[in-house]
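Worksheet for the structure shown next.
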Amino acid sequence: MIYRTLGKTGLKVSIVGFGASPLGDEFGAADPAEGKRAVHYAIERGINYFDVAPYYGQTLAETRLGEALAGHRQQVILATKAGRYDKDRDTGFDFSAQRIIRSVEESLTRLRTDYIDVFQVHDIEYGRKEQILGETLPAMLKLKEAGKVRFVGITGYPLYILKEVAQAAAVDTILSYCRYNLMDTSMDDILTPTARRKGIGLINASPLHMRVLSEKGAPDWHPTPRRVVEAGRQAAAMLPPPWWA
């Protein structure tokens, strides 16, 4: 496995991470025992970066990951999120300081740990930028000072709002998804220069475009147009077998 330093954090992370949303049945019902085996297999193969969120399966993914990591916590760099908890735009988000503080305590319990390595604001585009900068991130930085979390980051899909917040705040990491792969490389043009200049760790999530670029194909709920799904299917058919096959 190849490892790289995540920005200025000093964390040596595997270039392939483990996105734990499937443990929360986000891509269909998952067998908990198979999920646990997948976590252990990933660790055995050198993957040490695990990313999850309370939103995935309404806390189910965190619970299952916590169970799977029992006895392995010191082998991994654990990232989770706060601010998004449900799909509903009006009720599923809460970026207030009080909710952030309560959220980390809940995540610590579910993940069976006493600290989070990377604590991230989940999908900042659904909040007001003024609140993210003036309330959410300051609350997370206080948690960093208290030792509850080691590093603080932001996540989202729209690249320019991520860039604006990263330029204005002292964040350690930025995560965006589906924005650097065979179908879209815009993350490299928009976020990479800012991340390099500020020494921010840049994380590319969903490099298979939320399963579009996979043999199994996109789930029914995938938001992309069908022509994009078909293009992804054709591209996936030309890819060599994965390294773990």
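The values are calculated or read from the model by the stated rules, or taken from the named source; none is laboratory data. Not measured: the values here are computed from a predicted model. Glycine also receives a Cβ, built like all others from the backbone with ideal geometry; neighbour counts cover every protein chain displayed.
Just a few scattered comments:
- Yes/no for Ala146 being assigned by TED's automatic domain parsing to the domain that holds Arg89, modelled with pLDDT of 95 or more, of a type in the set (Gly, Ala, Ser) and under 18 Å from the mean Cα position of the chain (by Cα): no
- Filter result (under 22 Å from Ile101 (Cβ atoms), in contact with a Leu (Cβ under 9 Å, 6 or more places away or on another chain) and of a type in the set (Gly, Ala, Ser)) within the range 28-82: Ala61, Gly66, Ala79
- Residues of the range 89-140 satisfying the condition of being touching a Lys or Arg at 6+ places or on another chain (Cβ under 6 Å) and of a type in the set (A, V, I, L, M, F, W, C): Phe93, Val104
- In the range 29-75, of all residues being out of contact with any Gly (no Cβ under 7 Å at 6 or more places or on another chain) and β-branched (Val, Ile, Thr), the one that is nearest to Arg112 (Cα to Cα) corresponds to Thr63.
- Qualifying position, being touching a strand residue (DSSP E or B) at 6+ places or on another chain (Cβ under 6 Å), surrounded by fewer than 18 Cβ atoms within 10 Å (Cβ to Cβ) and assigned by TED's automatic domain parsing to the domain that holds Gly199, among Tyr126, Tyr157: Tyr126
- Residue identified as in the same structural domain as Thr192 (by TED's automatic domain parsing) and either crowded, with 21+ Cβ neighbours inside 10 Å or modelled with pLDDT under 95 (or both) among Glu34, Glu62, Glu67: Glu62
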